[in-house]
Amino acid sequence: HGLTRMAIRQRARQGNPDATLLLDPELQGDPFEHYENLRAHWPFAPGAFSRVSVHHDVCTEVLRSEDFGVADRDASMPTPVRLALRLAGPPPNPGPIDPPSMLAVDPPDHTRYRRLVTRAFTARRVAALRGRTEEIAADLLDDLARDTGPTDLVPRYASLLPVTVISEMLGIPTSMREQFLVWGDGAAASLDLGLPRQRWETVTSCVAALHGWMTDHLRRLRAEPGDDLLSGLAAMVDEDGSQLTERELVATALLVLGAGFETTVNLIGNGTRLLLEHPEQRDRLAAEPDLWPNAVDEVLRVEPPVTRTARRARRDTEVAGVAVPEGSLVVTVLAGANRDPRVFSDPARFDVARANARDHVAFSSGIHFCLGAALARMEGEVALRALFERFPGLASAGAPTRRPTRILRGYESLPVTLDRIG
Ligand code: HEM
């Protein structure tokens, strides 16, 4: 939007509530100061065509309210903005947040899609996967131990663990995992609005490649079913779509696959970085390993992999005493809500023993609450614990770089040495 870097910083300092500011690359490195300015200026900040909240109670209320939905989220934007978005995109194949992804539809469709896959992700089913996840982590760490000199934890560990786990869960050959990582990285940017045209081209081709692969795979499974989750889903497709259409099936399978690895990589990366920066917290975990599950929630609170989501008012309503007309967009800044001082004392402090760490909204709230939350927590715990127990001397070996995504927050590269030098 043509503003200089200084003008952008100035607007952020003034608590400017324009939602586009939330996406500005200038503020991506450290968005938290901007959230605090919004908090100081507004109970529920109005924007040009949307409202923004960094408050825990407001975000939770909106996410749980039946007055809000996810359908047609960009319909609330003024025509020129919508047109500009259309020109920049959208991909011909529906992306992870386009219908019929369950993330982009309201009940009753949402209920129907979600019910198809919930059983695979219950706490009990996830607990049964822990042993195998520990084996995968140990194998990856064996490979890592063979690296001489500094190594990069993101491509060598943080990204490989979740994609291996979700591929095995879905019955997809793990030989596909490197390819999924490339396509998934490209497709992840589809969550961000206002991307430069060049990046949209990557998004479009990666989403198309994932679609093509998944459509073929599911057709193979319909012909020759196995006893995996996807074969079960594929068997439900029928010609007239009375149970499930092929389009719905592909969207559901791709969402579960993509959500299964594009976010957890950031949990593992963000957690590694936080622990490297806070040696006293690391020592505490070494002395009290029972704190690991809580530490994972504290990582999710302080550095949530999904920084925000949004809802559209389905009717005229009111939130926090403010009238919200039908059709308006409300941006719920999960990363801001997670540092609300009314819920978390000294909120910027990373404290693995924080008593109410689990009250974060990193997995959202309400009917779209993350389907994979139990799986993500288990993977995060196994991955981080195995890493720090195996390499007690793990140390940073240079500046990390962030992923270029704006809604997803994590690292692309985390250089480390496995043993502290000196
Ligand atoms: C939904 C975060 C891992 C599957 C969500 C939402 C968030 C989220 C914030 C809701 C978005 C909204 O309300 O608009 C995360 C984080 C993860 C993670 C931070 C890792 C640390 C996973 C994993 C899976 C998964 C491992 C594996 C299957 C899903 C699905 C939905 C979802 C299917 C859509 C649920 C619905 O619309 O009803 N996730 N997720 N997620 N997540 Fe996760």
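The Kirkwood radius of the stretch 199-350, taken over pairs of alpha-carbon atoms, gives through the Stokes-Einstein law at 20 °C and 1.002 mPa s a diffusion coefficient of 109 µm² s⁻¹.
What per residue convex hull volume, in Å³, do the alpha-carbon atoms of the chain yield?
Details: hull volume 62.4 nm³, N = 422.
Taking only Cα atoms, the chain has a hull volume of 148 Å³ per residue.
Extension gain for Ala348 to Arg220 (0.36 nm times residue separation, less C-alpha to C-alpha distance): 41.1 nm. Normalised by 2.2 N^0.38 Å, where N is the number of residues, the alpha-carbon radius of gyration of the stretch 153-275 equals 1.14. Only sites in a loop by DSSP and with at most 13 other Cβ atoms within 10 Å count here; which trypsin sites (Lys or Arg not before Pro) in the stretch 198-244 make the cut? Sparse-neighbourhood loop trypsin sites (Lys or Arg not before Pro): none present.
Multiplying the residue separation of Ala235 and Ala7 by 0.36 nm and subtracting their alpha-carbon distance yields 76.5 nm.
Computed from the alpha carbon positions, the gyration tensor of the stretch 215-305 leads to an equivalent ellipsoid with semi-axes of 42, 13, 10 Å, biggest first. The trypsin sites (Lys or Arg not before Pro) of the stretch 310-414 that DSSP puts in a loop, and whose beta carbon has at most 13 other beta carbons within 10 Å, are Arg315, Arg342, Arg349.
Altogether, the Stokes-Einstein calculation at 10 °C and 1.306 mPa s, with the Kirkwood radius of the stretch 305-422 over Cα pairs as Rh, returns a diffusion coefficient of 90 µm²/s.
What's the percent breakdown of Cα-Cα distances in the stretch 107-171 across 5 Å bins, shortest bin first? Answer for the stretch 107-171: a P(r) of 3, 14, 20, 18, 14, 12, 8, 6, 3, 2, 1 percent. Of all DSSP beta bridges confined to the chain, the antiparallel ones make up roughly 80%.
Just so you know, all these numbers are worked out from the coordinates, no wet-lab data involved. Since the structure is predicted, the reported quantities are computational estimates derived from the model, not experimental observations. Neighbour counts are summed over all protein chains in view; Cβ atoms, including those assigned to glycine, are modelled from backbone coordinates with ideal geometry.
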